[in-house]
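Before any comments, here is the structure.
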Amino acid sequence: MQSIIAGMALSGVAMIAAAFGYLSPVAGALVQEGIDVAVILNALRALKPGRQFGHAAMPAAKARALRHDHEQLDAELDELRNIADALDDATPEAAVKLITEAAGIVDQHIVEHERNDELNVYPRLSQYLADKHGLGAMSRAHREIMHQARLLGRIADGIVVEDADRYLIRDAQRVIEAIEALVRIHNAQEEDIYEHATA
């Protein structure tokens, strides 16, 4: 924000000076280049950890424990991937079993993990991050994962073989794939935050 405001202000001053003849075109171009370099260098400070006085680094052991939680979730995500692939050629009877199994995995493992992150992990993590380093966006990702989990739950709730036409099976498959992909991306982003907190 500092760089945006300073860059626009300095460019405005340079344009006014040029309009009144105080800057030749060549001098104006050089001044603009100087402004650009200065504000870019200033903006690069955002790459440094955003901690302020009183914010300690997160112990490496805590980060390892959080990563271990993600590793344990990998088996469930792999199973969701296998279920989504199996739905390609599944009979209605098999599809009902697969969709029900996927809904159980999501409800028992994925949803519980995301709730724990939101209620327990993020409040503790924020004490190591003065700038909250994207936790707001990560909370929105939790909400999207929960939304997809509810969609899958509605599809699986009371599903019978007679309902399992190809459209319902494809809908379930898309939701399962969305959950699996979202959680994998989300976990990778969280691990970047853990690294930032321990840096």
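Can you tell me what the convex hull of the Cα atoms of the stretch 1-128 projects to on average, as an area in nm²?
Mean orientational projected area (the stretch 1-128, Cα hull): 14.9 nm².
As an exercise, use a Förster radius of 25 Å and the Cβ-Cβ distance of GLU118 and ARG170 to find the FRET efficiency, rounded to the nearest 0.05.
0.25
Using a simple spin-label model with points 7 Å from Cα along the Cα→Cβ vector, what separation in nm is obtained for VAL13 and LEU47?
If labels sit at VAL13 and LEU47, their model points lie 2.7 nm apart.
I'd like to know which of LEU119, ALA75, HIS196 lies farthest towards the positive end of the charge dipole of the chain, counting +1 on Cβ of Lys and Arg and -1 on Cβ of Asp and Glu.
Of the listed residues, the answer is HIS196.
Every number here is computed from the coordinates shown, using simple stated rules; none is lab data. Everything numeric here is computed off the predicted structure, so don't read it as measured data. Note that we place each Cβ from the backbone using ideal geometry, even for glycine, and neighbour counts take in every protein chain shown.
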